[in-house]
Amino acid sequence: MTAHPGVVPDHRPDYCKCCGSDLSGIRAELSSKRQVIDIHVVRPVCTEHRSYTKICPCEERAKADFPAGDNSSVQYGSGLESMVSYLHSRQYLPYQRMKELPKDCFGVSLSEGSIDNIIRRFTRKVLPVYGKI
């Protein structure tokens, strides 16, 4: 058992199962405890960045930039890309199974081309480290 559980619901009796008396005003005493360790459902988060334009009094149009790294209308975030890279380089999953896991667990469909692009990006990122090693 862990000493610091994240959620602790208390279960106190409201009535006596024998005679039906109301027990709501009576102090409860902890008699036992159980712990359930579980994984909550992980759901993908879709963040929509919106860029607005303003017209300056000098009549120049000023358009806001998107955050660095947001290069296309739809793309995968660093968490999903990291998971794909981990599944490839550490778990040695074939592409078909790398497509299945995000679809089955998170409802995210990836093509083999997207998986390949993610792996190629991560490969380019780690090449300088490999060179130093």
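Observations on the model:
- Some residue of the range 31-43 being free of Cβ contacts under 8 Å to residues at least 40 places away in the same chain, closer than 30 Å to Ser111 by Cα and surrounded by 10 or more Cβ atoms within 10 Å (Cβ to Cβ): no
- Residues within the range 70-117 that are farther than 23 Å from Glu48 by Cβ and either open to solvent by less than 50 Å² (accessible area, probe 1.4 Å) or among the β-branched types (Val, Ile, Thr) (or both), tallied: 7
- All conditions but one from (1) surrounded by 10 or more Cβ atoms within 10 Å (Cβ to Cβ); (2) more than 21 Å from the chain's Cα centre (by Cα); (3) among the β-branched types (Val, Ile, Thr) apply to Thr53; the one that does not is (1).
- Hits in the range 56-69 (condition: open to solvent by 100 Å² or more (accessible area, probe 1.4 Å) and either at pLDDT below 90 or among the aliphatic types (A, V, I, L, M) (or both)): Ala68
The values are calculated or read from the model by the stated rules, or taken from the named source; none is laboratory data. These figures come from a predicted structure and were not determined experimentally. Cβ atoms come from the backbone with ideal geometry, glycine included; neighbour counts cover every protein chain shown. With ligands, DNA and RNA removed, areas are computed over all heavy atoms of the protein, side chains included. Shrake-Rupley method; radii C 1.70, N 1.55, O 1.52, S 1.80 Å.
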